[in-house]
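I have placed the structure first, in the form of structure tokens, so that the comments after it can refer back to it.
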Amino acid sequence: MTGHARVPAAKDGPNGDSVAGEVLGTADVARIVDRIAHQIIENVAKTGFDAVLLGIPTRGVPLAHRLADRIASFAGVSVPVGSLDITLYRDDLRLRGVRPLGQTLEPDGGIDGKTVILVDDVLYSGRSIRAALDALNELGRPRAVQAAVLVDRGHRELPIRADYVGKNLPTSTDQAVRVLLAEIDGTDAVTIRDGRPEAAEVHA
Amino acid sequence: MRHLLSAADLDRDEALAVLDTAARMHDIQHRQSKKLPPLRGRTVVNLFFEDSTRTRSSFEIAGKWLSADVVNVSAKGSSVSKGESLRDTVLTVAAMGVDALVVRHHQSGAVQRIAEWVDCHVVNAGDGTHEHPTQALLDAYTLRSRLGALDDRHVVIVGDITHSRVARSNVLLLTTLGARVTLVAPPTLMPSGVAGWDCATSWDLDAVLSGKAHGDVDAVMMLRVQSERMSGGYFATTREYATGYGLSPARLDLLGESVPVLHPGPMNRGLEISTAAADGPRSAVLDQVQAGVAVRMAVLFRLLAGPDATAEVPA
């Protein structure tokens, strides 16, 4: 594995096969999800667990489900999970062309009056979260909106921040950060590669 | 994709992308607020040289739900009736800064010609007896939601094939999606060039529906008998047509319980389709209408939401 000047490669779990450019392995991802789940519990316990988790496709959706699972096992509370596709609200469709739409699934009980926690894999420019805030408008009126991300890689282009951050990864803009999740990619990992960002990652 | 002029413009990947996008658009139809932003600031003109209710209104609704500005121009009362040429009319409308023209014309090939004259996107909403690609897409969408993937499915299309733009577009699209098609019509309503189409043909509806002629049937599409054909000598009487080619209750019994029955509308009940078939559990007619808006949203989205037409490399 080649080392990166900015972020040293992390050790993987005992059984995991490491992926090229890997900075977080399976065990790291699991630990981070656990920690965010605890933070959410602390935060929303105050308002009687009126929260819902809304995953942003693609990888925000399995992350939202994992968080709900962990919250259920730590606090014994079931938090509704949904998904929120933001493709139609993106500001770069004309720049980068159309792409397939993801699914929007309203969580049980809707979002009106709830604390909506948007869940995404990588926070980068902040444009995905902005698009998600617009998309939320069409679904209802939450009491509050928060954001949870597995990785914050910096380089914000909008005044947006996350309430729950799994890992801050200082990167340069010519690096590509990818989150791999077992549900989609067969394995859990976060990778950084040098060079031009990959198509799958540019919009993160 | 620059234009949608023919169902043949869609390769398998693009066709599936449109249908998958339509499925997501369909979800939105059940929301309280149906307004979506991706075509904000874009202008779509529905240019209809031939009467249409459902196609025009579903394109209009589709454009509006995607936040495009939609303008309807019908030939009646327009400069067309004052003797302006088709080219002048089209160039005049296009010069107003239009991003897409949705065109229906009574002459086959007119929409293809129009696409050569203008810089904007052009969608064929039906040209003469030639093509109606968005109808084929909504039929495929309806079939997919009833049957799943269309690979190796057997679709039977019955009626006036000669004058049907729906049949031609459906044969093209359904075969692209892996289905096989059998066309059934009386000899007078089977086009002379049908041997070159990628499908089977038959004059015997009962043999086809029972599965004896071309194998088990997965779906049936009945075409409208257009009133202007009834006096054209294509068949002796409407009763004779109904007897030979109408989907009667007896013929309905030849079909499996889950075989969907489609009709592009408007239906002539008692002629090409019986009330038992039109309103029974197999009928997918209302699904088709619902799918029409979702499919047209998907087409407009995929044509218009990306980079400008002039900047795009033609597919």
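The values are calculated or read from the model by the stated rules, or taken from the named source; none is laboratory data. Here the structure is a predicted model, which means the values were calculated and not measured. For neighbour counting, all protein chains shown are included, and Cβ atoms are generated from backbone atoms with ideal geometry for every residue, glycine included.
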Of the residues that make up segment A:43-50, is at least one part of a loop (DSSP other than H, G, I, E, B) and of a type in the set (Phe, Trp, Tyr)?
-> yes
Select from segment A:109-157 the residues that are in a loop (DSSP other than H, G, I, E, B), in contact (Cβ under 8 Å) with a residue 40 or more places away in the chain and within 14 Å of another protein chain (Cβ to nearest Cβ) and list them in ascending order.
-> A:Ile111
When segment B:186-201 is checked residue by residue, the ones that are among the polar types (S, T, N, Q) and surrounded by fewer than 17 Cβ atoms within 10 Å (Cβ to Cβ) are B:Thr188, B:Ser192
Could you say whether any residue in segment B:63-71 is aliphatic (A, V, I, L, M), within 18 Å of A:Thr87 (Cβ to Cβ) and either out of contact with any Pro (no Cβ under 7 Å at 6 or more places or on another chain) or at pLDDT 95 or above (or both)?
-> yes
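The rows are residues; the columns are (1) assigned by TED's automatic domain parsing to the domain that holds B:Ser210; (2) touching a residue at least 24 places away in the same chain (Cβ under 8 Å); (3) of a type outside the set (D, E, K, R); (4) out of contact with any Asp or Glu (no Cβ under 9 Å at 6 or more places or on another chain).
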site	(1), (2), (3), (4)
B:Val93	no, yes, yes, yes
B:Val98	no, yes, yes, yes
B:Gly109	no, no, yes, no
B:Ala115	no, yes, yes, yes
B:Val118	no, yes, yes, yes
B:Gly126	no, yes, yes, no
B:Asp160	yes, yes, no, no
State all residues of segment B:47-61 that are under 22 Å from B:Ile114 (Cα atoms) and buried (at least 17 other Cβ atoms within 10 Å of the Cβ); if no residue qualifies, say none.
-> B:Leu47, B:Phe48, B:Phe49, B:Glu50, B:Thr55, B:Arg56, B:Ser58, B:Phe59, B:Glu60
Verdict on B:Arg2 being out of contact with any strand residue (DSSP E or B) (no Cβ under 8 Å at 6 or more places or on another chain), surrounded by fewer than 22 Cβ atoms within 10 Å (Cβ to Cβ) and in contact (Cβ under 8 Å) with a residue 24 or more places away in the chain = no
Counting only residues in segment B:147-165 that are farther than 18 Å from B:Gly211 by Cβ and among the charged types (D, E, K, R), the one surrounded by the fewest Cβ atoms within 10 Å (Cβ to Cβ) is identified as B:Asp151
How many residues are within 15 Å of A:Val33 (Cα to Cα) and either hydroxyl-bearing (Ser, Thr, Tyr) or part of a strand (DSSP E or B) (or both) if we restrict to segment A:176-186?
-> 2
State which residue pairs qualify: first residue within 13 Å of another protein chain (Cβ to nearest Cβ) and inside segment B:6-35, second residue surrounded by 18 or more Cβ atoms within 10 Å (Cβ to Cβ) and among the small types (Gly, Ala, Ser) in any location, beta carbons under 6 Å apart, and separation of 6 or more residues or different chains.
-> B:Val18/B:Ala298; B:Thr21/B:Ala298; B:Ala22/B:Ala294; B:Ala22/B:Ala298; B:Met25/B:Ala294; B:Met25/B:Ala298; B:His26/B:Ala294
Checking A:Glu183, A:Glu157, A:Glu138 in turn, the sole residue that is among the acidic types (Asp, Glu), modelled with pLDDT of 95 or more and over 17 Å from A:Ala64 (Cα atoms) turns out to be A:Glu157
The number of residues in segment B:219-237 that are in a loop (DSSP other than H, G, I, E, B), in contact with an Asp or Glu (Cβ under 8 Å, 6 or more places away or on another chain) and aliphatic (A, V, I, L, M) is 2
Taking into account only those residues within segment B:129-143 that are closer than 16 Å to B:Val103 by Cβ and of a type in the set (Val, Ile, Thr), which is surrounded by the most Cβ atoms within 10 Å (Cβ to Cβ)?
-> B:Thr134
Can you name every residue in segment A:86-108 that is closer than 22 Å to A:Leu63 by Cα and at the interface with chain B (Cβ under 7 Å from one of its Cβ atoms)?
-> A:Leu88, A:Tyr89, A:Pro100, A:Leu101, A:Gln103, A:Thr104
Residues that are within 13 Å of B:Arg180 (Cα to Cα) and either hydroxyl-bearing (Ser, Thr, Tyr) or not assigned by TED's automatic domain parsing to the domain that holds B:Pro260 (or both), drawn from segment B:193-242 | B:Thr201
